[in-house]
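The values are calculated or read from the model by the stated rules, or taken from the named source; none is laboratory data. Bear in mind that the values here come from a model prediction, so they are computed numbers and not experimental data. Ideal geometry is used to build each Cβ from the backbone, glycine not excepted, and the neighbour counts take in all protein chains shown.
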Amino acid sequence: MTRISFSSVNYQSAESVAIITGVARSGKTTVGNILGSCRNVDHVEEPKPFIHLPILAHAGSMPESLALAMFQAYVFDLWHERTLMRNVNFRPSDQSSIWKQKSPNEIISRLIRMKAREDVEQYYYKKHPELVLTLTHLIPFCDFFWKALPGCRIIHVLRDCLQVGGGVF
């Protein structure tokens, strides 16, 4: 059997990844935005392949080894693109807006100073950044995450169920 390799970026550490999970309306985005506002931390809200790959592997729709390799490669490529600000949300009114997480100085500095893979690699070695991912409804797949990213941390957000809906049922 041929081993498929996806990753083109391999200097990041899986131990520098945190995954926030919980049900909808539990406060995951708020926690992610707070963490993402910290120095050398980037937060990405619900990237779709992260949601689909563990489910597809669990259901037997794709080999787990393939899903794990794709998941890991996508995490590190997403992190690289995020550092370069290629995949950020600049809409100020959105909850996941980069303006809610980073200072204008940091945003402009990254946009102007980081242009190539070498710039990002230097940034990782100098700053030792962290990546925070928010993934809704995926707590049953913690084992998948730990296989794909050994040493990653998982933060499960809980909230009083009566407070989530905003009213009494």
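Condition check for residue 134 on (1) exposed (fewer than 13 other Cβ atoms within 10 Å of the Cβ); (2) not in a helix (DSSP H, G or I): one failure, at (1).
Is it the case, given these coordinates, that residue 111 is modelled with pLDDT of 90 or more, of a type outside the set (S, T, N, Q) and not in a helix (DSSP H, G or I)? Criteria not met by residue 111.
Give 147, 126 a once-over and let me know the one that is on the phi < 0 side of the Ramachandran plot, of a type in the set (Lys, Arg), at pLDDT 90 or above and surrounded by fewer than 17 Cβ atoms within 10 Å (Cβ to Cβ). Reasoning before the result, please.
Values: 147 fails: surrounded by fewer than 17 Cβ atoms within 10 Å (Cβ to Cβ).
None of the others qualify; the one that does is 126.
Against the condition modelled with pLDDT under 80 and either in contact with a Pro (Cβ under 9 Å, 6 or more places away or on another chain) or under 21 Å from residue 73 (Cα atoms) (or both), how does residue 133 come out, does it pass? Here the answer is no, as residue 133 does not meet what is asked. Being surrounded by fewer than 16 Cβ atoms within 10 Å (Cβ to Cβ), under 16 Å from the mean Cα position of the chain (by Cα) and assigned to a helix (DSSP H, G or I) is the filter here; which residues of the range 64-107 pass it? Of everything in the range 64-107, just one residue is surrounded by fewer than 16 Cβ atoms within 10 Å (Cβ to Cβ), under 16 Å from the mean Cα position of the chain (by Cα) and assigned to a helix (DSSP H, G or I), namely 81. For the range 11-30, the criterion of being loosely packed, with under 14 Cβ neighbours inside 10 Å, acidic (Asp, Glu) and part of a helix (DSSP H, G or I) is met by at least one residue. Scanning for something surrounded by 16 or more Cβ atoms within 10 Å (Cβ to Cβ), part of a helix (DSSP H, G or I) and within 11 Å of the chain's Cα centre (by Cα), does the range 42-50 turn up at least one residue? Yes, the range 42-50 contains a residue that is surrounded by 16 or more Cβ atoms within 10 Å (Cβ to Cβ), part of a helix (DSSP H, G or I) and within 11 Å of the chain's Cα centre (by Cα).
Considering 55, 34, the condition of being surrounded by fewer than 18 Cβ atoms within 10 Å (Cβ to Cβ), assigned to a helix (DSSP H, G or I) and touching a residue at least 60 places away in the same chain (Cβ under 8 Å) is satisfied by 55 alone.
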